[in-house]
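J.: Structure incoming, see below.
Just so it is clear, none of the values below were taken in a lab; they were calculated from the coordinates. Given the structure is predicted, the values throughout are model-derived calculations rather than measurements. Using ideal geometry, Cβ is built from the backbone for each residue, glycine included, and neighbour counts are taken over all protein chains shown.
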Amino acid sequence: MLEQLEPTAAPPRAGAPRSVRIGILAAIALICAALVWWSAWGQSVTSDEAAHLPAGYSYLRTGDFRLNPEHPPLAKLVCALPVLAFHPKVPIPSVAWKEDDEWAFGWKFLAENKAILVPMVAWARLPMALLTGLLLFVTGWWVSEVFGLGAGILAALLLGANPEILNHGRWVTTDMPAAALGFFTLYTAWKWLSRPGWKRASIMGLTLGLAVASKDSCLILPPMMLLQALAFIFSGRARPSWRDWSIALVACAAGPVIVLMACYESWTGPLRYISGMTGINANHLVFYLRYLMGHIQYSVYPQYFVMAWLLKTPFPLLVAALVGIGALAVAVGAALRNKTGLAPDVWDGLALLAGAVLVFALMSWKADDIGVRYILPTVPIFAWLSARAFARTGRRGRAVLVVLALWGLVDAWRAWPDLGGAFDEFLPGPTVAYLDDSNVNWGEGLIALKAEMKRLKLDRIGYGALGGRLDPRIYGLKLDRSVEGLAGLPEPGWYAFDPSFLLRCPGFLWLAYRRPDFNADGYWIYHLQGDIPEQAHQAYTALLKQRPYDPFLWYHVASQDEAEGKLHRAEKELGIALKIWPGYLDARKSRAALRLRLGDAAGAKADDAIIAEIVKYVLAGLRNKAPGSSGGLWAPLGG
């Protein structure tokens, strides 16, 4: 397909009337927004929403921005506006409010308003659904201006088929605003470069301000805009005058300042914004084990976000993105061979692609390894590049890209409503074999779980979820959390598990590799019967044949054996895990406790001494760094 590209040809111009383009793209955007908002009614409050939404409402009611200060307020404020119509109770004064504990305040706020919780949260999600639709429209519109209506429709469909766009488009978080407003900023910058003027400069500065006030990572936008400017200069297009540049710089400097002052209702808004940035990742655990493709370590993985994008992007959308990148490479290669200049759209594509690389680089450097959502701003860029390839290729190439877009829509429909758990459909094994945390579940499935329990005629069900999830009783669920601490040895019966729980809770890993009986929007439901310990041992035996040098797996096996009373065997298995990775704190703590039970006080004391050294080593590596930085122990080297 790529060999059919004509890199020196002028890009096709939009042939359809403006009203037709607006109508078609607006229809696609509205359908997407309506579907996203409709699905939002069936989802319980997610982990981040429990902090963001109550904090936003407290801003509106009190003008006090003490809660969740590490994230800018704009998205939280806008989503809290519909909540005003419900007149919810606000837990002020309270201990959580006095201590600036955003999570405790959030849980209390939600619990005190459980009677109106579902409609209140759904209406709070409406702005995000509309923003998602607007992102589809703007992406399609930008592409249609350059490459024609067909390419614009393709770009909108590729975005609308992306599970991460749809998933985060229905939650009150900062991820969708960063993706949408960031892309809007790049579009307004392109428009200003195409025809400079003070009005367009003002719009560019305003959109930049809105983006920056939504998420601090949007501070990467000025370098991305600079790349766009360089693309215009090197392509030989008309350059803005020095006067135009001056106006644009003033607008881009003033826009964020004005928006931040308006959001914080004070001239000190920009200062509060900078102060809040110092708290990014500060609430993340220093000794949190980062997980990637079955491997664990305390420090971040440099390759995490590239791998997460490859794993989480459904196959047809991944191929479409790679085709877009490949088409750009073909155009550059042809220009170098023929010693001709690059077409303007090639320069624009290179600028956008370089901007996407910057996003990946920034997130790999500063963000914690907890979700592909941090690189969400790159998704519309890849859609733009795919649409460019559509415009540049022949009939067969266009047909392939259309098939990929439709295939992606079918995949999204099949994954619905568990869009957060969507991965490349051709990956073997369970999704938790690759990623965990917000990549697989964010606690949004409690309403779906309640519906499944009703369908299965279950009054109660066993339940396992990581800390930080919403109390299920708020939704009227009768769940038994007694499975925690049983190391994968629950009694026969029905259970619902957060997939990350199966990875993180000692001894439950075997269930992560067993296909659940049902999936309740991210909660995996199992009907456990028969000899459960024997089933676990069979699963672990098979896994150890595949991964004999995995300390994480040996730790789970040891936890299973310890729960069954096989203490000497568990100690030996923990020893194998520690031989592979001496710095594995959880395994070493478990072995120290196990040695005490076996009467080996000297061995336990030796492990405790090593634990103290490991902690000292990690803390020294993290000194003057955020917990999400790369200091610490690297598996399997240990300390």
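J.: Expected output is a single nm value to one decimal: the length gained when fully extending between residue 230 and residue 20, i.e. 0.36 nm times separation in residues minus the C-alpha distance. What is it?
T.: Details: separation 210, 0.36 × 210 = 75.60 nm, distance 3.29 nm.
Here the segment from residue 230 to residue 20 would lengthen by 72.3 nm.
J.: Right, something else. Restricting to bridges with both residues inside the stretch 445-529, how much of the DSSP beta-bridge set is antiparallel, in percent to the nearest 5?
T.: Roughly 60 percent of the beta bridges in the stretch 445-529 run antiparallel, per DSSP.
J.: If you don't mind, there's one more thing I want to ask. With the crude spin-label approximation of a point 7 Å out along Cα→Cβ, what separation in nm comes out for residue 597 versus residue 250?
T.: 7.3
J.: Still on this model: Within the stretch 391-440, list the chymotrypsin sites (Phe, Trp or Tyr not before Pro) lying in a DSSP loop whose Cβ has at most 13 other Cβ atoms in a 10 Å radius. Could the numbers behind the result be given before it?
T.: Numbers: sites: 407, 413, 423, 426, 434; in loops: 423, 426, 434.
Sites meeting the loop and neighbour criteria: 426.
J.: Compute the acute angle (0 to 90°) between the alpha-carbon long axis of helix 126-147 and the principal axis of greatest extent of the alpha-carbon atoms of the chain; round to the nearest 10°.
T.: 40
J.: Could you sort out which of 191/366; 114/478; 98/215 sit more than 21 Å apart by Cα distance in this structure?
T.: Values: 191/366 31 Å; 114/478 15 Å; 98/215 25 Å.
Beyond 21 Å between Cα atoms: 191/366; 98/215.
J.: For the stretch 534-622, what is the number of Lys pairs with C-alpha distance below 22 angstrom, counting only pairs 8 or more positions apart or on separate chains?
T.: Lysine pair count for the stretch 534-622: 14.
J.: Modelled label-to-label distance, residue 315 and residue 303, 7 Å Cα→beta-carbon offset: nm?
T.: Going by the 7 Å Cα→Cβ label model, 2.2 nm.
J.: Can you sort 562, 444 so the residue with the fewest Cβ neighbours within 10 Å comes first?
T.: Details: 562 22, 444 29.
So the residues, fewest neighbours to most, are 562, 444.
J.: Going through the stretch 283-362, which trypsin sites (Lys or Arg not before Pro) have at most 13 other Cβ atoms within 10 Å and a DSSP loop state? Walk me through the intermediate numbers first.
T.: Working: sites: 290, 312, 337, 339; in loops: 339.
In loop regions of the stretch 283-362 (DSSP not H, G, I, E or B), the sparsely surrounded trypsin sites (Lys or Arg not before Pro) are 339.
J.: Would you mind checking the tilt of helix 446-455 against the longest principal axis of the Cα atoms of the chain, expressed as 0 to 90 degrees and rounded to 10?
T.: 60
J.: Right, here's the next one. Counting only C-alpha contacts under 8 Å and six or more residues apart, can you give the relative contact order of the chain as a whole percent? Before the final figure, lay out the partial values.
T.: Working: 1080 pairs, mean separation 99.8, N = 639.
About 16 percent, as a whole number.
J.: Are there GluC sites (Glu not before Pro) in the stretch 86-174 that DSSP marks as loop and that have at most 12 other Cβ atoms within 10 Å, and which are they? List each step's numbers first, then the result.
T.: Values: sites: 99, 102, 112, 145, 164; in loops: 99.
Taking the stretch 86-174 and a limit of 12 other Cβ atoms within 10 Å, the loop GluC sites (Glu not before Pro) found are 99.
J.: Could I ask something else about it? To test your reading of the geometry: what angle, between 0 and 90 degrees and rounded to tens, separates the Cα axis of helix 18-40 from the longest principal axis of the chain?
T.: Approximately 10 degrees, to the nearest ten.
J.: For the stretch 534-622, calculate the relative contact order in percent as a whole number, restricting contacts to Cα pairs under 8 Å that are 6 or more residues apart. Before the final figure, lay out the partial values.
T.: Working: 72 pairs, mean separation 17.1, N = 89.
Across the stretch 534-622, relative contact order equals 19 percent.
J.: Near residue 76, which aspartates and glutamates are there with a Cα under 15 Å away, not counting those fewer than 8 places off in the same chain?
T.: Result set, ordered by chain and number: 48, 49, 64, 102, 175, 216, 265.
J.: Work out, step by step, the length gained on full extension between residue 267 and residue 489: first 0.36 nm times the residue separation, then minus their alpha carbon distance; give nm to one decimal.
T.: Working: separation 222, 0.36 × 222 = 79.92 nm, distance 5.80 nm.
In short, 74.1 nm is gained.
J.: Let me ask another. Please report 531, 459, 600, 437 as a ranked list, fewest other C-beta atoms within 10 angstrom at the top and most at the bottom.
T.: 459, 531, 600, 437
J.: Whole number please: convex hull volume per residue, Cα atoms of the chain, in Å³. Present the calculation step by step, with values, prior to reporting the outcome.
T.: Working: hull volume 108.8 nm³, N = 639.
Residue-normalised Cα hull volume stands at 170 Å³.
J.: On to the next question. Summing -39500 (n - 2.57) over the DSSP H runs of n ≥ 4 in the chain and dividing by its residue number, what mean residue ellipticity at 222 nm do you reach, to the nearest 500 deg cm²/dmol? Could the numbers behind the result be given before it?
T.: Numbers: 27 runs with 376 residues, N = 639.
The per-residue figure over the chain is -19000 deg cm²/dmol.
J.: A further question follows. Residue 288: net charge of surrounding residues, Cβ under 13 Å, Lys/Arg +1, Asp/Glu -1, itself excluded? Could the numbers behind the result be given before it?
T.: Values: positive: 290, 504; negative: 368, 369, 436, 437, 586.
Within the 13 Å Cβ shell, the charges total -3.
J.: Of the beta bridges DSSP finds with both residues in the chain, what % are antiparallel, to the nearest 5?
T.: Values: 11 of 16 bridges.
Taking every DSSP beta bridge with both residues in the chain, the antiparallel ones total about 70 percent.
J.: Tell me the net charge near residue 68. Cut-off is 10 Å between Cβ atoms, residue 68 excluded, with +1 for each Lys or Arg and -1 for each Asp or Glu.
T.: The answer is -2.
J.: From the square roots a ≥ b ≥ c of the eigenvalues of the alpha-carbon gyration tensor of the stretch 534-622, which class results: rounded (a/c under 1.5), prolate (a/b over b/c), or oblate? Write out the running numbers ahead of the final one.
T.: Details: a/c = 2.86, a/b = 1.40, b/c = 2.04.
The shape class here is oblate.
J.: Let me ask something else. Order these by the 10 Å Cβ neighbour count, fewest first: 534, 265, 571.
T.: On the way: 534 9, 265 12, 571 20.
Lowest count first: 534, 265, 571.
J.: Additional query: FRET efficiency for residue 605 and residue 293, Cβ-Cβ distance as r, R0 = 25 Å, nearest 0.05? Mind dumping the intermediate values first?
T.: Numbers: r = 36 Å, r/R0 = 1.43.
After rounding, the FRET efficiency stands at 0.10.
J.: So how far apart, in nm, are the two label points at residue 402 and residue 195 if each is 7 Å from Cα heading toward Cβ?
T.: 3.2
J.: Would you work out the relative contact order for the stretch 39-133, in percent, from Cα pairs under 8 angstrom that are 6 or more residues apart? Before the final figure, lay out each step's value.
T.: On the way: 92 pairs, mean separation 34.9, N = 95.
Dividing the mean separation by the residue count of the stretch 39-133 yields 37 percent.
J.: Right, here's the next one. So how strong a dipole does the stretch 41-124 carry about its Cα centre when Lys and Arg Cβ are +1 and Asp and Glu Cβ are -1, to the nearest 20 debye?
T.: Details: 7 positive and 9 negative charges, 64 e Å.
For the stretch 41-124, the charge dipole is close to 300 debye.
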